1. For ARG194, all conditions in the list (1) more than 20 Å from ALA72 (Cβ to Cβ); (2) at pLDDT 90 or above hold save one; what is the number of the exception?
2. For segment 91-118, what are the residues that are more than 26 Å from VAL41 (Cα to Cα) and in contact with a helix residue (DSSP H, G or I) (Cβ under 6 Å, 6 or more places away or on another chain)?
3. Could you list all residues from segment 32-46 that are touching a strand residue (DSSP E or B) at 6+ places or on another chain (Cβ under 6 Å) and within 18 Å of ARG93 (Cα to Cα)?
4. Quick one: which helices (runs of 4 or more DSSP H) lie wholly within segment 58-140 and hold at least 1 residues that are in contact (Cβ under 8 Å) with a residue 60 or more places away in the chain and within 35 Å of the chain's Cα centre (by Cα)?
5. If the requirement is being touching an Asp or Glu at 6+ places or on another chain (Cβ under 9 Å) and modelled with pLDDT of 85 or more, which of these qualifies: VAL41, VAL103?
Amino acid sequence: MKKFSSAIIIVVIGALFVLTSVFYAVAEYEQVVVTQFGKPVRAVTDTGLKIKLPFIQTITRYDKRIMRWDGAPVEVPTRDKRFIWVDTTARWRIVDPMRFLQVIGTYEQAYARLDDTIDSVVKDYVSSNRLVELVRTGELKIAVIDESTDSDVVFPDQDAETKIDLGREQITRLILAEAAKAMPDFGMELVDVRFKRINYVDRVQQKVFERMISERKRIASQYRSEGEGKKSEILGQMEKDLLGISSTAFRTSEEIKGRADAEATQIYGQAYGQDPEFYAFYKTLETYRQTGLKNATVILGTDSDYYSRLMSPKK
C-alpha cells in the first residue's frame, strides 16, 4: 500500500512538472520569445495562458513598457567655444522582441547600445550649436559672455539681442530623429530624448558665478543710488510743501488776528465813545498802573488830572 501511494505521488509530481513545462502565462506588461534549442521560433505579445513544447522549447521574457535611460554627463565644447557638461535622458521600449533577442539579447547590452548611439549624436549636435541655442527655446535678451578657449574668461559688461535659430526644443527633436534611425535594427524604439541638465565645466563655472555676483552687486548699487536720489527728491518736495503750508497758515493767522484787532478796536471805540470822560479817567488809571512804582510815595499836585478827578468826580 505504501509503495502504491509513493507511486501516485511521483506520478502527480511528474504530471505537474510536465504541465509547467508545457503551459506558461504572459502578463499584460510582458512579451515573450519562444526559443527551440537556442533558436528563436516565435514572439508572443498577447496576454494569456500559452503552450510550448516541454523540455525542447524555452521562453525569454521582455518588458513591453516604456523604459528609462540616463546617460553619463559628458564634457562637450559648443560651437562658440563654451565647455559644458551635458546630462541627457531618454525613453525607449522593445517593439520587436525576436530581433532584440537575436541582436541585443539582454538589457545590459541594450543600455550599452543606447549609450553609444545617443551620446555620439548628442556630442555632434552640441558641438555644432551655440550655448544659447541649447538652453533657450525662444529669443531672449541675455548678457553676452565671451569665453576664450583657455582658462582665461572675459565677461564684457554689455547686453545684446541674441537670435535663436533652432532652440533647445528643436535640437532635442533633431537628436531624437537622428538617434532613432538605428533603433529598428536592434528591435527597439526610441520614444524621446531630453537634456536633463546643462552646466559649465568647473574651471568656467566659478568665473560665471563671480560674474553673476558682480553683476547683481552692480544692479543693487544702481538701485540704491536711484533710491537715494528719489529719497532726496521726496524730502525736498516735502520740505517745500511744509514751508508752503506753514507760510499759508501764518498769513491766514495774521489776517485773522488783524481782522480781530480791527473788530476789537471798533468795539472799544464804540464803547468808549458813549462816555469820553469815563474813557479819559480809565486811561489815566491805566497809565498810573503801568508806571511800575512799588513801595513808593506819590505826591500829587492840586493841578494834577488825577487829583482833580478824585476831588471832583463827574456826577
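1. (1)
2. Across segment 91-118, the qualifying residues are THR117, ILE118.
3. Passing the criteria: VAL32, VAL33, ALA43, VAL44, THR45.
4. Working: elements: 97-103, 107-127, 131-135.
Qualifying helices (runs of 4 or more DSSP H): 107-127, 131-135.
5. VAL103
Listed here are the residues, each with its yes/no results for (1) hydrophobic (A, V, I, L, M, F, W, C); (2) more than 30 Å from PRO77 (Cα to Cα); (3) touching a residue at least 24 places away in the same chain (Cβ under 8 Å); (4) surrounded by fewer than 10 Cβ atoms within 10 Å (Cβ to Cβ).
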position	(1), (2), (3), (4)
ASN199	no, no, yes, no
ARG224	no, yes, no, no
GLU228	no, yes, no, no
GLU239	no, yes, no, no
THR252	no, yes, no, no
GLN270	no, yes, no, yes
GLU277	no, yes, yes, no
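The values are calculated or read from the model by the stated rules, or taken from the named source; none is laboratory data. The shown structure was predicted, so the numbers you read here are calculated from the model rather than taken from an experiment. Because the Cβ atoms are built from the backbone with ideal geometry, glycine has one as well, and the counts that use them run over all protein chains shown.
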